[in-house]
Amino acid sequence: MSKKKIAILGSGIAGLSYGYYLKKYQPDVEFTILESSSRSGGVVFSEMKEGCVFEWGPRGVRPKGNGQVVLEMVEDLGLWDELVFANDQAKKRYLYHDGKLQVLPHSLKSFVASPYLGLFLKAFYKDLSAQKVATDETIAAFVDRHFGEKFRVLFFDSLVSGVWAGDVTKMSVSAAFPILKKLELKRGSLLKSLVGHKSDVSDSKQYPKEITSKALFSFKGGVQTLTDTLRDVLADFIEYDVKIQKIDFSDKVEIALEGSSICVDELTSTIPAYELSAFVIPDLAMVLDSIFYAPVAVLNLILPKSELSFDGFGFLVPSKEKSVVLGMVANSNTFPSHAAPNKSVHTVMMGGARYSLEELNAMDLKKDAISFLNGVFGKPLFIEGQELILMSKAIPQYELGHVDKVRQIEVLSPSNLKVLGNYMYGVSLIDIITKSRDLAK
Ligand SMILES: Cc1cc2nc3c(=O)[nH]c(=O)nc-3n(C[C@H](O)[C@H](O)[C@H](O)COP(=O)(O)OP(=O)(O)OC[C@H]3O[C@@H](n4cnc5c(N)ncnc54)[C@H](O)[C@@H]3O)c2cc1C
């Protein structure tokens, strides 16, 4: 019997991890990864600058829960000694609110001492009488029903900006936070439903608490160490600079390239929705094109270590502050080895779903970010190095109706097309790697 042949489109973390697990679990399958650019990793992009690590994409993975699937992959790849775990400082996070940095509760003691204690208690009390709503709703509508508008405007708004660069008034709670909707359907109140609740954890090796209790992990050379290692392990399977002209799904999958073609039994796409849409039937293309990707600007900064006396992981900025800055991550507080001696590295995120690319292009983002930081820290900061990248389509937004879109993509896809990637089953590295593993298995 001839071996099954699969082509994988894209060598971001989704394509690389799917290839890695196919090699591990399906040795009888032949596969090729087709990448349009000259590098793998996609959004995962770490660079060394003046002895400091600049992260342009993801900067860490939570070791808890399904983070252990990623840890297991790291161990299998022989990368354990390259790991760096977050300082305990990284548990301390701030909100920039009412003209100052306010620490968010991160322990019982800090909760009791928090200026937000009253707001939290009121929010919890409101939740106790929340009713079940079976239909999907925006994150804003859901949080307002459970915890009140003031709680949403401060905490959920900035959380969603920080993770998705998203807009709570547009995003779907069922798609972005399925666990919240699941809990609500148990007992109405989220707090009541949490009693006795056990989270669904994917099957993986279990790591000791001293590892899983850390806030995040990365690598000495940044997150790209993971994708570079996958790239090397899969070196014989990846083709770069591939320009796909057309794909025919009618019997076998025929992929027309410039001057050649490939014929396989099955195609797995991990490329962005707006890229896949060019190769599929109009009904499916329409759903794919309706997925909006938010633009995000990332500014990496190097400062003398003594310039900024700031502890913690970073701070978030609620949208009511009307700043283009979504937040700042103090990378070298979290991973001290990511900065050269006597230096500190910070990343400012800007833009997101509330801004169009044209608006961001028209701004002086470096200047705006630095004057915002000067205001936050109350002095003109001495910046030693700075670089900015504006990503036009950085993060797919799971807007209201997204769960239906995912279902439609599954239904409208021909039987020889599987669709993975960050617009389908979660944007985080953990969600993407776990889904790739499960599909390969
Ligand atoms: C600024 C930022 C910060 C983030 N921070 C975190 C974080 O801290 N933690 C976390 O877990 N997640 C984070 N994320 C999310 C996470 O990094 C992404 O969701 C994930 O890396 C996307 O992986 P992917 O493989 O789905 O897509 P991509 O990385 O976009 O990869 C797609 C690949 O397909 C290729 N391609 C495109 N078109 C074609 C084509 N026509 N033919 C062939 N190949 C093609 C591309 O070149 C690319 O290599 C962040 C995202 C951003 C933008």
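Select from the range 27-42 the residues that are more than 27 Å from the chain's Cα centre (by Cα) and in a loop (DSSP other than H, G, I, E, B) and list them in ascending order. Selection gives Pro27, Asp28, Val29. Would you please name the residue that is farthest from Ile433 (Cα to Cα), looking only at residues in the range 5-34 that are among the aromatic types (Phe, Trp, Tyr) and within 16 Å of the ligand (Cβ to nearest atom)? Only one residue fits best here, namely Phe31.
In the set (1) assigned by TED's automatic domain parsing to the domain that holds Leu276; (2) under 30 Å from Gly51 (Cβ atoms); (3) in contact with a Lys or Arg (Cβ under 7 Å, 6 or more places away or on another chain), the condition left unmet by Glu258 is number (2).
Considered as a group, the residues in the range 269-287 that are more than 8 Å from the ligand (Cβ to nearest atom) and in contact (Cβ under 8 Å) with a residue 40 or more places away in the chain include one that is nearest to Tyr423 (Cα to Cα), and that residue is Ala273.
Conditions tested, residue by residue: (1) over 21 Å from Thr347 (Cα atoms); (2) crowded, with 21+ Cβ neighbours inside 10 Å; (3) in contact with a Cys (Cβ under 8 Å, 6 or more places away or on another chain); (4) of a type in the set (Gly, Ala, Ser).
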position: Ser46; (1), (2), (3), (4): no, yes, no, yes
position: Glu50; (1), (2), (3), (4): no, no, no, no
position: Glu55; (1), (2), (3), (4): no, yes, no, no
position: Pro63; (1), (2), (3), (4): yes, yes, no, no
position: Asn66; (1), (2), (3), (4): yes, yes, no, no
position: Val69; (1), (2), (3), (4): yes, yes, no, no
position: Leu77; (1), (2), (3), (4): yes, no, no, no
position: Val84; (1), (2), (3), (4): no, yes, no, no
position: Lys91; (1), (2), (3), (4): no, no, no, no
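Can you work out which of the residues in the range 43-63 that are hydrophobic (A, V, I, L, M, F, W, C), within 19 Å of the chain's Cα centre (by Cα) and assigned to a strand (DSSP E or B) is nearest to the ligand (Cβ to nearest atom)?
Per the criteria, the residue is Val61.
Out of curiosity, is Ser37 hydroxyl-bearing (Ser, Thr, Tyr), buried (at least 24 other Cβ atoms within 10 Å of the Cβ) and within 9 Å of the ligand (Cβ to nearest atom)? For Ser37, the condition - hydroxyl-bearing (Ser, Thr, Tyr), buried (at least 24 other Cβ atoms within 10 Å of the Cβ) and within 9 Å of the ligand (Cβ to nearest atom) - is not met.
When the strands (runs of 3 or more DSSP E) confined to the range 153-260 are screened for residues that are modelled with pLDDT under 95, among the aromatic types (Phe, Trp, Tyr) and surrounded by fewer than 18 Cβ atoms within 10 Å (Cβ to Cβ), none reaches at least 2 such residues. Just checking, does the range 357-375 include any residue being on the phi > 0 side of the Ramachandran plot and in a loop (DSSP other than H, G, I, E, B)? No: zero hits. Of the residues making up the range 102-128, those that are modelled with pLDDT of 90 or more, closer than 18 Å to Asp157 by Cβ and surrounded by fewer than 16 Cβ atoms within 10 Å (Cβ to Cβ) are Gln102, Phe120, Lys122. Selection of the range 302-333 for residues being among the aromatic types (Phe, Trp, Tyr) and closer than 16 Å to Ile370 by Cα yields Phe310, Phe315.
The values are calculated or read from the model by the stated rules, or taken from the named source; none is laboratory data. Given the structure is predicted, the values throughout are model-derived calculations rather than measurements. No Cβ is skipped: glycine too gets one built from the backbone with ideal geometry, and neighbour counts run over all protein chains shown.
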